[in-house]
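Each remark here refers to the structure printed beneath this line.
The values are calculated or read from the model by the stated rules, or taken from the named source; none is laboratory data. Since we're looking at a predicted model, the values are computed, not measured. Backbone-built Cβ (ideal geometry, glycine too); neighbour counts: all protein chains shown. These accessible areas exclude ligands, DNA and RNA; they are computed on the full protein's heavy atoms, side chains included. Shrake-Rupley method; radii C 1.70, N 1.55, O 1.52, S 1.80 Å.
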Amino acid sequence: FLFVPAVEVKIEVVIPEKERSKEEMSPNGRASPLIYKVNGTARHYHLEEHPIASNPYHNPKDVVEASVCHVKDLENGQMREVDLGCGKALLIKESGEFHAVGHKCPHYGAPLVKGVLSKGRVRCPWHGACFNISTGDIEDFPGLDSLPRFQVKIEKEKVYIRASKQALQTQRRTKMMAKCISLSNYNLSSTNVLIIGAGAAGLVCAETLRQEGFSDRIVMCTMDRHLPYDRPKLSKSMDSHPEQIALRPKEFFCTYDIEVLTEMQVAAVDIKNKTAVFKDGFKMEYNKLLIATGNTPKALSCKGKEVENVFNIRTPEDANRIVKLATSKNVVIVGASFLGMEVAAYLTERAHSVSLVELEEVPFKKFFGEKVGRAVMKMFENNRVKFYMQTEVSELREQEGKLKEVVLKSGKVLRADVCVVGVGAVPATGFLKQSGVNIDSKGFIVVNKMMQTNIPGVFAAGDAVTFPLALRNNKKVNVPHWQMAHMHGRIAALNMLAHGTEISTVPYLWTAMFGKSIRYVGHGEGFDDVVIQGDLDELKFVAFYTKSDEVVAVASMNYDPIVSKVAEVLAAGRTIRKRDVE
């Protein structure tokens, strides 16, 4: 092995200029306004002006310099986390060029050095978000922010990293956005873009419009009392308060003129007159509409279903109340769904007992297959969860109005102070019945690859839609998962602006139980075989779901970053054959 004397590499960190106050902005900026046609009438919209400063650093005291590595220390296709004393950066070499970006995924802080580098982007090892290595921009989800980008300089094979301390510490960058022009001129009962629903799809749609320079009015409405929040945490981290799981702070919505009407339910949509009619009688006209209402949890239909302390989880308040009531008490969970299993895992350390009732013989059988389902079930049983399989609830019994017992069809009677129902959900699309928007037999809104419905100017996104999945030969599917809702929102926004962008993302999801995660990529519906590599008993495995000769989905536990690697292969349009994994 050859000894190479230590040679240094120079990385300069460029962070986006902090947003200047409105007073500093010149009213007639140098940037020529773009023109956006709405119904044949031209409207001007400006991107917020950011002149390119000759010095990229606002404050010289905010800059740090440190030495990192020799140019030959990294091969092409390699990544390295480098420490600058007051924070770290991710150094990447691809096609002979060096790039440097933030080292943590802005979603939940995963170390990107453990992720997958492929064709100019890095994919997070935990939840599959993708970032462009040249710009730091987010290209696939979940999460809202991009990575800070650091400029790399190499001089005489010596290296120094020059970085803004602030960028190193925050490890995230919000893309530049437009603001609304002359909001005060608007008629309260009309908006250019109306977004029904304030989950991931709705929020990403609104943010994408602003990032693309759209400066007309945007109104989001939600039945919730809160601004958009991280919904997966309702079952994974049940005692989180709304402000802890908010996706954006209140100031963000004010800064970028995204109006959110909380506790407002749309009762009907009048397509002909482009008007949404709210439950309280209020009407709002729109020019473009996004329907992103998600789904509604199914309730139990058995005797006694109206007794107290029986819950669906819909809001942070529901989750918080369940934790409070379940502490040192007996909990029965109905349905071994993702939600049911995550709630069971979360409550085991808090409750006196946790029982789970399910119609199937093993949890997750349709999704993960029998072998993986059994391995997961065993992990739960080792954590004191008692399963009652191949049965359902026939009655909920009360004492003084409150739940006392859950009676099963098998005849078994379970003591219960709290019951959580996780038996699936139906799309929240009842209000569209007479609207003319195309809805399938299960209640899902049918959209094309641009998230457009059959009605011009009306888009739909998230859990309530079926869309053509490129991965499965454009078969119309419903993918009710967090990452996909983000991407739907982005695609809808781009096509409201007539970009003609089609969805091609690969579904990626995860579930977390007892500090362990199962990651999953692809769309395994209708799989006919499962090839397991690794050890199910040790919970260290990869499961390849196949349909005839093709791998259609992959799940893993304690095997990172295999699922992110597969996601990159599938995203590149390549097919994995069954014989390749056997």
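Among Met223, Met389, the sequence by solvent-accessible area, most first, with a 1.4 Å probe is Met223, Met389.
Sparse packing (at most 16 other Cβ atoms within 10 Å of the Cβ) combined with a DSSP loop state is found for the following trypsin sites (Lys or Arg not before Pro) in the stretch 134-177: Lys156. Positive contributions from Lys and Arg (+1) and negative ones from Asp and Glu (-1), summed over other residues with Cβ under 15 Å from the Cβ of Ala201, come out at -1. Could you tell me what percent of the accessible area of the chain is made up of carbon and sulfur, with a 1.4 Å probe and every protein chain present? On the chain, the fraction of accessible area on carbon and sulfur atoms equals 48 percent. In a reduced charge model with +1 at each Lys and Arg Cβ and -1 at each Asp and Glu Cβ, the stretch 168-260 shows a dipole moment near 240 debye about its Cα centre.
All other residues whose Cβ lies under 15 angstrom from that of Pro106 are scored, Lys and Arg at +1 and Asp and Glu at -1, for a net of +3.
Taken as Cα centroids, the stretch 509-538 and the stretch 395-444 sit 27 Å apart, rounded to the nearest whole angstrom. On full extension, the segment bounded by Val413 and Thr327 gains 28.9 nm, given 0.36 nm per residue less the C-alpha separation. In terms of the Cα gyration tensor, with a ≥ b ≥ c the square roots of its eigenvalues, is the stretch 328-468 rounded because a/c is under 1.5, prolate because a/b exceeds b/c, or oblate? Prolate, since a/c reaches 1.5 and a/b exceeds b/c.
Sorted on the mean count of surrounding Cβ atoms within 10 Å across their residues, most packed first, peptides 122-134, 409-421 read 122-134, 409-421. Just check the stretch 60-170 against the gyration tensor rule for me: Cα atoms, a ≥ b ≥ c as the square roots of the eigenvalues, rounded for a/c under 1.5, and otherwise prolate or oblate depending on whether a/b exceeds b/c. Oblate, since a/c reaches 1.5 and b/c is not below a/b. Per residue, the chain exposes 45 Å² of solvent-accessible protein surface, assessed with a 1.4 angstrom probe and all protein chains in place.
Over 18 Å between Cα atoms: which of Lys547/Lys578; Lys303/Lys409; Lys88/Lys233; Lys175/Lys449; Lys153/Lys175; Lys329/Lys386 fall into that group? Exceeds cut-off: Lys88/Lys233; Lys175/Lys449; Lys153/Lys175. Classify the chain: rounded, prolate or oblate, from the alpha-carbon gyration tensor (a ≥ b ≥ c, eigenvalue square roots; a/c under 1.5 rounded; otherwise prolate if a/b is larger than b/c)? Here the chain falls in the oblate category.
Between the alpha-carbon centres of the stretch 463-500 and the stretch 129-153 there is a gap of 21 Å.
Considering only Ile322, Thr293, Phe338, the residue lying farthest towards the positive end of the dipole of the stretch 256-348 is Phe338, judged by Cα position with unit charges set on Cβ. Need the C-alpha centroid separation for the stretch 224-295 versus the stretch 320-360, integer Å. Computed from Cα coordinates, the inter-centre distance equals 29 Å.
Rounded to the nearest 20 debye, the dipole magnitude of the stretch 60-170 is 160 debye, with +1 charges on Lys and Arg beta carbons, -1 on Asp and Glu beta carbons, and the Cα centre as origin.
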